[in-house]
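I have placed the structure first, in the form of structure tokens, so that the comments after it can refer back to it.
The values are calculated or read from the model by the stated rules, or taken from the named source; none is laboratory data. Predicted model, so just to flag it, every value in this text is computed and none were measured. FYI the Cβ positions are ideal-geometry reconstructions off the backbone, even for glycines, and counts take in every protein chain you see. Quick note on the areas: whole protein, heavy atoms, side chains included, nothing else; ligands and nucleic acids left out. Shrake-Rupley method; radii C 1.70, N 1.55, O 1.52, S 1.80 Å.
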Amino acid sequence: MEPTEHRLTISQLAEDFRWLEDHCRRQPDLVALAGRLRLASALTRNVVGPFLEGQPARPLHIAVVGGAGTGKSTVVNFLAGAVVAEANPQAGYTRHPTAFLPPGPSFPWPSFLGFLGPLQRLSDDQPANTDRDVYQVKRIPAREGAEPHPLAGCVIWDCPDMTTWAAENYVNRLLEVAGLADVVVYVASDERYNDEVPTQFLHLLVSAGKAIVVVLTKMRAADAAALVGHFRQEVLGRLPVSPSGAIPPIPVMALPQLTPDERRDPAGVAAPHRAALVQAIRAVCPSEDAARTRTVVNAARYLSVAGEGLLDVARSDLAQLEAWKAAVAAGQRDFEERYRREFLSGERFGRLDIYAERLLELLEPAGAGRIVSQLLWLLRSPYRWLRDSLYALVVRPEVLGVPEKTVVEASFQSWLDFLQAEALRKAGTHPLWKQLATRFAAELAPQARERFTHNFRTFEVQQRQDVEAAGQALIARWEKNPALLYSLRGGKWGLDVAIIAAVTYYTWPPGWLLLLIPVGVALTHQLAEWFIRCLVEGTRQRLRAEREALLTATLTQPLADWLTQWPSTGGTSLEKLQQVLHRVPVAIRRLEQRVSERVTTAFPPPAASPCPVPSVPKTA
Ligand SMILES: Nc1nc2c(ncn2[C@@H]2O[C@H](COP(=O)(O)OP(=O)(O)O)[C@@H](O)[C@H]2O)c(=O)[nH]1
Ligand SMILES: [Mg+2]
């Protein structure tokens, strides 16, 4: 990979994750997976990208996360050593992340294309409930005469609550910061330490290999040990088992019920609590480089392990879209087959008879010869009467076939019926079929019918033109080739003259045997008609094949294409799903390789990975 190639790979991968996330958000059952995809893209842009760009490990990012009202802002204040975050009894008060910078030597703020995704940095001070895609950066005031801040060189993030995967906006803001974090402080209060959604979120962070410190709050001091035990057993004990190694022990500490004084003065009255908290964080960050290396390596490993699972939805959607496409194609085949069977096989293209007549006329001589030709026509009259009468006796009257329009309309209706039945049959198996089944009658069928009517008109106009063109081509072939025309005409004419001459000569003196003349000229005429019928029959065969192709080109194929694409309205297409399925694993492999190259060249290999990646929980 070229030095800057990773930028392209990262932006493409992040874009693919974003597209998949949108795709999941359109399916209400998949919001949790959408969250995972957001975390994956945040890890790509906020962690792997800056690392490959060679950005320094400083500052480390500490994200304080958890359910509503668990005491996150209070914990942020304890880490900060001052009341800087707005602790508020109202659930869901904090709507965007705020970064608090401890006093100390300054460091450059990380920068990378796509860093923190859609979150814009606010330049002015805003209340924590500002509900926009923004983040704030605030400095923690230095206390006079105080010791250096224990978390200097770190950024402490106060985050929105984790209460539901469905609140797209602020959950995404939280996931951006969670993705960025080197250490996650997971806060749970005594009464709700086991809430479902925050616990799922914790599992996800553990899967992503984040270093985690759990802080349990608000319990009575006497209950602290029991609650810690419960949490270990009920929550951490149920973490997914890792195929790649056990999850390292996650420190769990208690921050028991605080008095108002303690909450107001974390660095003074509540200093012992604060010291324990800071100590727990420092313990999981032996050094800045080691902590960052772990964050990056685990992020890359998570992407490669979880990548497959993240793509499951795309794979399953692709399979369903393929199944829909196959159903549409089967319906199309039935349509065309029925058209062939019920209409085309019996179609004579009546207009061609007129051209056959004209060809026959072309064989007749022009100018003075016309008179003779008319005489011959008269001579052939008895033969004509005889032939027509016999024909009427032998051949049954032609049964009028079903009109083309009726056959085509009925075939189209069967196609729709088949698709609707298919959608209803599979409605319970996948959201795509459910959507098809519910929207079929009201949306899909009327839209399809409209298209059908429009395309059928084109088909009709075109086929009329085709028959005329084929007939005219028959005539033109003779007219444009006088040598051929005169030979044919001369041939027929010569034969007639020869017959007349021969009969006259051999039956002289004239008697009733002269009747052989009308028989003879009738035979030559019959020969000419037979020859022309063969010519026209060839054209008929060709027209049938052309009509079939025309039906496909102007009617069934455009309809099939439209029907195939129909469930994709909104941006999900077979092509895009295929592209993403192909591109994502390749990009992840590339990034993982690049990360490991850089880790081995830039940093000495860590003795043992402090946070091996556990298994990835299956899609909810
Ligand atoms: N009594 C008591 N109240 C607390 C304690 N910790 C937090 N609170 C209060 O609980 C409410 C929610 O706390 P906050 O830190 O804002 O929670 P967040 O929503 O998770 O950020 C606030 O009114 C805090 O003052 C505690 O240990 N004891
Ligand atoms: Mg808060």
Checklist entry - Can you list the residues, at least 5 places off or on another chain, whose amide H is less than 5 Å from the amide H of THR217, using H built in the peptide plane? => result ALA188, SER189, ASP190, LEU255
Checklist outcome for this item: Note: ALA152 to GLU479 extended length (0.36 nm per residue) minus current alpha-carbon separation gives 107.9 nm
Next on the checklist: With the crude spin-label approximation of a point 7 Å out along Cα→Cβ, what separation in nm comes out for GLU443 versus GLU548?
Outcome noted: 3.7
Next on the checklist: Treating only the Cβ of Lys, Arg, Asp and Glu as charged (+1, +1, -1, -1), what charge dipole size does the chain show about its Cα centre? Round to the nearest 20 debye.
Outcome noted: 840
Next on the checklist: Probe radius 1.4 Å, ligands and nucleic acids ignored: give me the carbon and sulfur share of the accessible area of the chain as a rounded percent.
Outcome noted: 58
Checklist entry - So for the chain, Kirkwood radius off the Cα pairs, Stokes-Einstein at 25 °C and 0.890 mPa s: how many µm² s⁻¹? => result 79
Checklist entry - Once phi is turned into ³J(HN,Hα) by the Karplus curve 6.51 cos²θ - 1.76 cosθ + 1.60 with θ = phi - 60°, what whole-Hz value does each residue of region 535-551 show in order, with x for glycine and proline? => result 4, 5, 4, x, 4, 4, 4, 5, 4, 4, 4, 5, 5, 5, 5, 5, 4
Checklist entry - With θ set to phi - 60° and the Karplus curve 6.51 cos²θ - 1.76 cosθ + 1.60, what are the ³J(HN,Hα) couplings of region 457-465 in order, to the nearest whole Hz, using x for Gly and Pro? => result 4, 4, 4, 5, 4, 5, 5, 4, 4
Item to check | the chain, relative contact order in percent, only Cα pairs under 8 angstrom and at least six apart counted | outcome: 19
Next on the checklist: Could you compute how much accessible surface TRP478 exposes when probed at 1.4 Å, giving the result in Å² to the nearest 10?
Outcome noted: 10
Checklist outcome for this item: Per region 110-210, sqrt(5λ) over the Cα gyration tensor eigenvalues, sorted largest first, in Å, gives 25, 19, 15
Checklist entry - By average Cβ neighbour count within 10 Å, what is the ranking of 192-205, 355-368 from highest down? => result 192-205, 355-368
Checklist entry - Which whole-number percent is the relative contact order of region 317-570 (Cα, under 8 Å, 6+ apart)? => result 38
Checklist entry - Of VAL497, VAL137, which has the most accessible area and how do the rest follow, probe 1.4 Å? => result VAL497, VAL137
Checklist entry - Could you give the Stokes-Einstein D for region 220-315 in µm² per second, using the C-alpha Kirkwood radius, 25 °C, 0.890 mPa s? => result 146
Checklist entry - When only the heavy atoms of the protein chains count and the probe is 1.4 Å, how do LYS492, LYS576 rank by accessible area, highest first? => result LYS576, LYS492
Next on the checklist: If I stretch the segment between GLU86 and SER487 completely, what's the gain in nm (0.36 nm per residue apart, minus their alpha carbon distance), one decimal?
Outcome noted: 133.8 nm
Next on the checklist: Ordering ARG58, ARG25, ARG121 by accessible area with a probe of 1.4 Å, largest first, what comes out?
Outcome noted: ARG121, ARG58, ARG25
Checklist entry - Once the whole set of protein chains is in place, how much accessible area is left on THR600, using a 1.4 Å probe, in Å² to the nearest 10? => result 90
Item to check | Listed residues GLY309, ALA329, TRP433: farthest to the positive end of the dipole of the chain (Cβ charges) | outcome: ALA329
Checklist entry - Once you put a point 7 Å from the Cα of ASP353 and another 7 Å from the Cα of GLU575, both along the Cβ direction, what distance in nm separates them? => result 4.9
Next on the checklist: 5 Å is the cut-off here: which amide hydrogens, built 1.01 Å from N in the peptide plane, fall below it relative to ALA211, excluding neighbours closer than 5 in sequence?
Outcome noted: VAL184
Next on the checklist: To the nearest 20 Debye, how big is the dipole of region 317-570 about its Cα centre, given +1 on the beta carbon of each Lys and Arg and -1 on that of each Asp and Glu?
Outcome noted: 300
Item to check | Relative contact order (%) - criterion: Cα under 8 Å, at least six apart; region: region 1-140 | outcome: 23
Checklist entry - Between ARG583 and ALA290, what FRET efficiency comes out of the Förster formula 1/(1 + (r/R0)^6) with R0 = 25 Å and r the beta carbon distance, rounded to 0.05? => result 0.15
Item to check | HN-Hα J in Hz across region 108-120 - Karplus 6.51, -1.76, 1.60, θ = phi - 60°, x for Gly and Pro | outcome: x, 6, x, 9, 6, 4, x, 4, 6, x, x, 6, 9
Checklist entry - Quick one: Cα centre-to-centre distance for region 168-186 and region 78-109, in angstrom? => result 14
Checklist outcome for this item: TYR391 and ASN194 label points (each 7 Å along its Cα→Cβ direction) are spaced in nm at 9.5
Item to check | Rounded accessible area of ARG340 (nearest 10 Å², 1.4 Å probe) | outcome: 80
Item to check | Alpha carbon Rg of region 317-570, scaled by the compact-globule rule 2.2 N^0.38 Å | outcome: 1.54
Checklist entry - How many times 2.2 N^0.38 Å is the alpha carbon radius of gyration of region 476-596? => result 2.55
Item to check | Cα-only radius of gyration and Dmax that characterise region 31-130, units Å | outcome: 15.1, 42
Item to check | Listed residue pairs exceeding 23 Å between alpha carbons, taken from LYS434/LYS576; LYS405/LYS426; LYS325/LYS576 | outcome: LYS405/LYS426
Checklist entry - Which whole-number value in Å² is the accessible area per residue of the chain, probe 1.4 Å? => result 48
Checklist entry - So which aspartates and glutamates pass the test for LYS480, namely a Cα distance under 17 Å, with those fewer than 8 places away in the same chain ruled out? => result GLU361, GLU364
